[in-house]
Amino acid sequence: MHRMPILLPGTGTIGLARRISSLCCIRVGLMECGCYADGERYVEIADDVRNDDVFLLHALSHPVNDSIIELILASDASLRALASSVTLVIPYMAYGRQDKHAHGARLPLSARCIASLLSRAGARCIV
């Protein structure tokens with residue numbers, strides 16, 4: 001049985017999540033993102049998301065690599081909590097300017113690499 005979709009904001013997107021919630025009539029859930037003493041990131045979803053369509057709102061901004069890991073962990077945590085689906089809503093995409101070969105074939109397509117990582121973490125859709 002599907003319930004109402006839930007929007008889970010990441011670090012730095014809580015204000016935006018509240019605005020989206022009021023415009024789109026979607027509930028905002030609780031997700032805690034933090035850091036252990038050794039620098040490892042952790043994510044804990046505080047709401048029951050079983051059978052929900054989860055929308056993870058997360059800007060991939062400074063510190064970029066920490067933000068990417070938080071989003072990957074949040075996507076995995078949502079699926080392990082038996083969310084029906086996971087959609088990533090990314091208002092700022094890190095590595096977005098590295099989306100084409102500029103000076104030769106020996107440069108990575110960094111934006112594609114990041115999108116592949118996020119997709120492999122279980123996202124059904126990336127917006």
Q. On the given criteria, is Ala83 in contact with an Asp or Glu (Cβ under 8 Å, 6 or more places away or on another chain) and part of a loop (DSSP other than H, G, I, E, B)?
A. yes
Q) Tally time: how many residues in the range 3-22 are surrounded by fewer than 15 Cβ atoms within 10 Å (Cβ to Cβ) and in contact with a strand residue (DSSP E or B) (Cβ under 7 Å, 6 or more places away or on another chain)? A) 2
Q. For the range 23-62, what are the residues that are among the hydrophobic types (A, V, I, L, M, F, W, C), over 16 Å from Pro5 (Cα atoms) and surrounded by 11 or more Cβ atoms within 10 Å (Cβ to Cβ)?
A. Cys33, Cys35, Val43, Ala59, Leu60
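This table checks each residue for (1) on the phi > 0 side of the Ramachandran plot; (2) among the hydrophobic types (A, V, I, L, M, F, W, C); (3) in contact with a Phe, Trp or Tyr (Cβ under 8 Å, 6 or more places away or on another chain).
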{"site": "Gly15", "(1), (2), (3)": "no, no, no"}
{"site": "Arg19", "(1), (2), (3)": "no, no, no"}
{"site": "Leu30", "(1), (2), (3)": "no, yes, no"}
{"site": "Val43", "(1), (2), (3)": "no, yes, no"}
{"site": "Asp47", "(1), (2), (3)": "no, no, no"}
{"site": "Asn51", "(1), (2), (3)": "yes, no, no"}
{"site": "Leu56", "(1), (2), (3)": "no, yes, no"}
{"site": "Ile69", "(1), (2), (3)": "no, yes, no"}
{"site": "Ala74", "(1), (2), (3)": "no, yes, no"}
(Q) I'd like to check something: does the range 52-71 contain any residue that is over 15 Å from Val127 (Cβ atoms), outside any helix (DSSP H, G or I) and under 13 Å from the mean Cα position of the chain (by Cα)? (A) yes
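Only the coordinates and a few stated rules stand behind these numbers; no lab work does. In this text the structure is predicted, and so the values were computed from the model without any measurement. Reconstructed Cβ throughout: ideal geometry from the backbone, glycine too, with neighbour counts over all protein chains shown.
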